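The values are calculated or read from the model by the stated rules, or taken from the named source; none is laboratory data. Quantities reported herein were computed from a predicted structural model and do not represent experimental measurements. Note that we place each Cβ from the backbone using ideal geometry, even for glycine, and neighbour counts take in every protein chain shown.
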Amino acid sequence: MKVSVTKNTIQSLKLDAVAFPISKSEKDNALKEVAAKTGVTVALFEKDFSADESSLMMLYPDLELCAFKRVFLVGLGDKPGLDACRSAMASLAKKVKELKLATVGVDLSGAKALSETANDSVDYIAQTAVEGFHSGLYDFNQLKTNRVKELKSGKSEDDEPKQAVEELVLATDAKILSDVKKGAETGDIIATSQAMVRDLVNSPSNYMTALDFAERVKASGEKHGFKVTVFDKAKIEELKMGGLLGVNKGSVIPPTFSIMEYKPEGESLGRVALVGKGVMFDTGGISIKPSSGMGDMKADMAGGADVLGAVEAAARLKLPLEVIGIVPATDNMPSGSAQNPGDVLTTYSGITVEVDNTDAEGRLILADALTYVKETYNPDTIIDLATLTGACIVALGETTAGLFSNNDELAEKLYKAGQRAGEKVWRMPIWDEYDKLIKSNVADVKNVGGRSAGSITAAKFLEKFVGDHSSWAHLDIAGPAFPGMTNGGGSGSTGFGVRLLVELMRNWK
């Protein structure tokens, strides 16, 4: 979808539809303005349009006054903020997609006033609007019979997902044109990177193995200008990454270990390492999961996909920050060669792990990756993302990620980034008292604790593999990454984490 910005009058736009975002507090004045611009008769509909958040009303303009064919009123609610803007634009996108409208305009002449209400900048309002519209348009349709393409190679005649809308036009005032244009361009980059992540996570496991994922990483690096190195199984064995190799024992598909390196052309503000869990399909291994909803376990690589999306977006936005992305990838399968409960692994760090439950596999592959990135790159900050525990969903639901960190300043930055980006996180404790829950009698540590504090003990396990690094955060994205993941709800990937990470990195100091 093409995204453009214009200072031309809204009446002159030759489009299928134009939308007017309207808050409840400004409803009366806004409707009069809509009437003046479109020729619609306010008295006929004003009582029927509530202006509640994400509410919609479609009208038909005076075609002698306007060049567009339909008018949409889009509700922003009582006190419109960034979340309301995203939600409203997503609602609009879904409707125009349903109606098969190819060209859509949005009147953002009021972006300045909206930015003051939202206590943010004009460019961020435009960015948010574009992100929300992209989100509402998203469909995973590559495997439909009328839309088949080769996902495995990452190459096709049309490498971008097809969308019903061909062009989104933001119409605004000349005084804020440059700000709106800046925000629209940023929002388009972030949203398309996030859509790519959603495609990866939604892809079934026979289309997205560890080998396939590595090829997608290579293709992205080549296209967007960041360095990619992929370790094959022989190299992983040479490095003695026992966690990744242990999880992979039951699979006929070899593991991969993808390394992404983005470096800015000019001076760098620092070096951030992003580590993502890449379990391409999780049966649970010998500690096998129930069959109900197991198909959703194709999404257990959402953290790894997020890392690719964030590195890609950083490169496209040319952020003045060095970004290292690491994704250990494998599936977790039961077989005659699979690891068993009670096995002891020696990780890349040398720490031995008692595998008390083979379904706690994500932390095993992350353990190797965390130690590797710390020792190899010495980053200023390490952030890992993983669909790690159902316990985190029990604690925080499907809208919020669990945040675990050994650094108060980093935790606060992530919290604020999440609030602004609309991908919220909530900090959980990692006090020393929890260490005893993963104490092993036969190894240095167990990979699970008991029934209590499941997300916390998982974080405490990971903490051991960053050692003395003083700026680390773990994000448990099991709930928001794939709503319905644990109950077969089939809601699909959200791409949660991409906007959060990009927001953090764009404001790095």
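Among the residues of segment 370-384, the one identified as of a type in the set (Phe, Trp, Tyr) and crowded, with 21+ Cβ neighbours inside 10 Å is TYR372. Of all residues in segment 7-35, exactly one satisfies the criterion of being among the β-branched types (Val, Ile, Thr) and surrounded by fewer than 17 Cβ atoms within 10 Å (Cβ to Cβ), namely THR9.
Within segment 356-378, being within 20 Å of PHE231 (Cα to Cα) and not in a helix (DSSP H, G or I) holds for GLU361, ASN378. For segment 330-355, residues that are surrounded by fewer than 18 Cβ atoms within 10 Å (Cβ to Cβ) and either assigned to a strand (DSSP E or B) or among the acidic types (Asp, Glu) (or both) total 4. Each residue in segment 224-242 was checked for being touching a residue at least 12 places away in the same chain (Cβ under 8 Å) and out of contact with any strand residue (DSSP E or B) (no Cβ under 6 Å at 6 or more places or on another chain), and 8 pass. Take the conditions closer than 16 Å to ALA391 by Cα, at pLDDT 95 or above and surrounded by fewer than 24 Cβ atoms within 10 Å (Cβ to Cβ) and apply them to ALA459. Does it pass? No; evaluated as a whole, the condition is false for this residue.
Scanning segment 280-291 turns up at least one residue that is without any contact (Cβ under 8 Å) to a residue 24 or more places away in the chain and surrounded by fewer than 23 Cβ atoms within 10 Å (Cβ to Cβ). With respect to LEU274, determine if the residue is within 24 Å of THR186 (Cβ to Cβ), surrounded by 24 or more Cβ atoms within 10 Å (Cβ to Cβ) and aliphatic (A, V, I, L, M). Considered against the rule, which asks whether it is within 24 Å of THR186 (Cβ to Cβ), surrounded by 24 or more Cβ atoms within 10 Å (Cβ to Cβ) and aliphatic (A, V, I, L, M), LEU274 comes out as yes. Any idea which residue in segment 197-213 is farthest from VAL247 (Cα to Cα), counting only those that are aliphatic (A, V, I, L, M) and either in contact with a Gly (Cβ under 6 Å, 6 or more places away or on another chain) or surrounded by 22 or more Cβ atoms within 10 Å (Cβ to Cβ) (or both)? Among them, the one singled out is VAL197. Taking segment 67-77, which residues are in contact with a Ser or Thr (Cβ under 7 Å, 6 or more places away or on another chain) and surrounded by fewer than 17 Cβ atoms within 10 Å (Cβ to Cβ)? Across segment 67-77, the qualifying residue is only ALA67. Conditions: (1) at pLDDT 95 or above; (2) in contact with a Leu (Cβ under 9 Å, 6 or more places away or on another chain). VAL40 meets all but one. Number of the miss? It is condition (1) that VAL40 fails.
In segment 25-44, the condition of being part of a strand (DSSP E or B) and either among the hydrophobic types (A, V, I, L, M, F, W, C) or under 21 Å from HIS134 (Cα atoms) (or both) is met by no residue. Quick check, is GLY325 outside any helix (DSSP H, G or I) and either surrounded by 24 or more Cβ atoms within 10 Å (Cβ to Cβ) or outside the structural domain of GLY221 (by TED's automatic domain parsing) (or both)? Considered against the rule, which asks whether it is outside any helix (DSSP H, G or I) and either surrounded by 24 or more Cβ atoms within 10 Å (Cβ to Cβ) or outside the structural domain of GLY221 (by TED's automatic domain parsing) (or both), GLY325 comes out as yes.
Candidates SER251, SER220, SER268: the one that is of a type outside the set (Asp, Glu) and touching a helix residue (DSSP H, G or I) at 6+ places or on another chain (Cβ under 7 Å) is SER220.
One residue alone among THR389, THR352, THR358 is under 24 Å from the mean Cα position of the chain (by Cα) and among the hydroxyl-bearing types (Ser, Thr, Tyr), and that residue is THR389. Selection of segment 425-452 for residues being under 23 Å from GLY479 (Cα atoms) and in contact (Cβ under 8 Å) with a residue 24 or more places away in the chain yields VAL425, TRP426, ARG427, MET428, PRO429, ILE430, TYR434, ASN447, VAL448. Just one of the listed residues (LYS233, LYS175, LYS181) is of a type in the set (D, E, K, R), more than 19 Å from the chain's Cα centre (by Cα) and outside the structural domain of SER121 (by TED's automatic domain parsing), namely LYS233. Across segment 36-66, the qualifying residues are those that are among the aliphatic types (A, V, I, L, M) and within 37 Å of the chain's Cα centre (by Cα), and the one among them that is surrounded by the most Cβ atoms within 10 Å (Cβ to Cβ) is ALA51. Scanning segment 252-295 for residues that are touching a Gly at 6+ places or on another chain (Cβ under 7 Å) and over 20 Å from PHE213 (Cβ atoms) yields SER292, GLY293.
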